[in-house]
Amino acid sequence: TRDLGFGTGYSSSTGFRTEMSYRDRNIANRVWDLRGAIRLEQKRQLSYADVFLPPQDQHRLDSFGVLFDRLNVEGLLQTRSAVGVKRTTTHGKLEQSLGLNYTQEKVVENDGGSQELQRKSRALVGSVGWIWRDVDDIFAPRQGQRAQLELAFSDKALISDQRFVRLYTKYQYWFPVGQRDSILLRTEFG
């Protein structure tokens, strides 16, 4: 019921990294599924934890999570923390998600001298999304198609510093080549 993973790597923008991930599928003997990770890089530190509650029926999955992120690159220190909740509902080939996320961000810019520019922002973001799948295997598709549409919004009247709307779409098409391979065509817009 538990998994522990370790990883290491290198990124040209954030340097060497090490990562530890953990999953427990039965938190507090309630069948809550915890997935979390800690990533330490030379210029970035990230940690998150998501909890997926047991499905209430075959079509609905609720989850909540937290995230902490710190990035220090070229005199710019950015720290971000977020908490969110999400409900995913599936009906046949269509999956719908509704979410609410609160994010706080602080950016400190140091020009190398004694001057520091500091900005803080916050946003309460509502989101809705749909994914339509018509594939031969949901976890490892070789044939079929998938379309995704996401809409997120925030308003100054509801805690946020800025009003915005974000739209994201993605379409993927797989067609098999030979016995074990396939070609994937993908387009994204946001």
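See the values below:
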quantity	calculated
Computed log₁₀ I(q)/I(0) - Debye formula, equal Cα scatterers, no solvent, region 62-140, q 0.14 Å⁻¹	-0.66
Residue-normalised accessible area of the chain, given per residue in Å² at a 1.4 Å probe	70 Å²
Region 76-149 - charge dipole about Cα centre, Lys and Arg +1 at Cβ, Asp and Glu -1, debye rounded to 20	260 debye
Length released on extending from R122 to R23, taking residue separation times 0.36 nm less the Cα-Cα span	32.7 nm
Listed residues V31, V107, G65: farthest to the positive end of the dipole of the chain (Cβ charges)	V31
Dipole of the chain, positive end: most advanced residue of S182, H91, S81 [Cβ charges, Cα centre]	H91
Per-residue SASA entry for E95, accessible area with 1.4 Å probe, Å² rounded to 10	40 Å²
Value of Rg/Rh across region 1-70 [Cα atoms, Kirkwood radius]	1.10
Selection from S13, A49, T1, by position along the positive dipole direction of region 1-122 (Cβ)	T1
Label selected from [x] 13.0; [y] 12.1; [z] 14.6, the criterion being mean projected area of the Cα convex hull in nm² as computed here	[z]
Simple spin-label estimate for Y171 and T90 in nanometres, 7 Å along Cα-Cβ	2.4 nm
Pairwise FRET efficiency - H59 versus A157, Cβ, R0 = 35 Å, nearest 0.05	0.60
Region 83-190: Cα Rg divided by the 2.2 N^0.38 Å rule of thumb	1.52
In Å², nearest 10: area of R70 left accessible to a 1.4 Å probe	100 Å²
Of all accessible heavy-atom area on the chain, the percent that carbon and sulfur account for (1.4 Å)	54 percent
FRET efficiency estimate (nearest 0.05) - Cβ-Cβ, R180 to F68, R0 35 angstrom	0.30
Charged-residue dipole, Cβ positions (Lys, Arg, Asp, Glu), region 101-190 about Cα centre, Debye nearest 20	180 debye
Lys, Arg +1 and Asp, Glu -1 on Cβ, resulting dipole of region 1-147 about Cα centre, debye, nearest 20	200 debye
Candidate residues K156, K120, K43: accessible-area rank, largest first, probe 1.4 Å	K120, K156, K43
Karplus 3J(HN,Hα) series, Hz, for region 10-22 with 6.51 cos²θ - 1.76 cosθ + 1.60 (x for Gly, Pro)	9, 10, 5, 9, 10, x, 5, 9, 9, 9, 10, 10, 9
Calculated FRET value between A37 and F164, using beta carbons and R₀ = 30 Å, to 0.05	0.60
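The values are calculated or read from the model by the stated rules, or taken from the named source; none is laboratory data. Because the structure is a prediction, the values reported are computed rather than measured. Using ideal geometry, Cβ is built from the backbone for each residue, glycine included, and neighbour counts are taken over all protein chains shown. Calculation scope for accessible area: heavy atoms of the full protein, side chains included, ligands and nucleic acids excluded. Shrake-Rupley method; radii C 1.70, N 1.55, O 1.52, S 1.80 Å.
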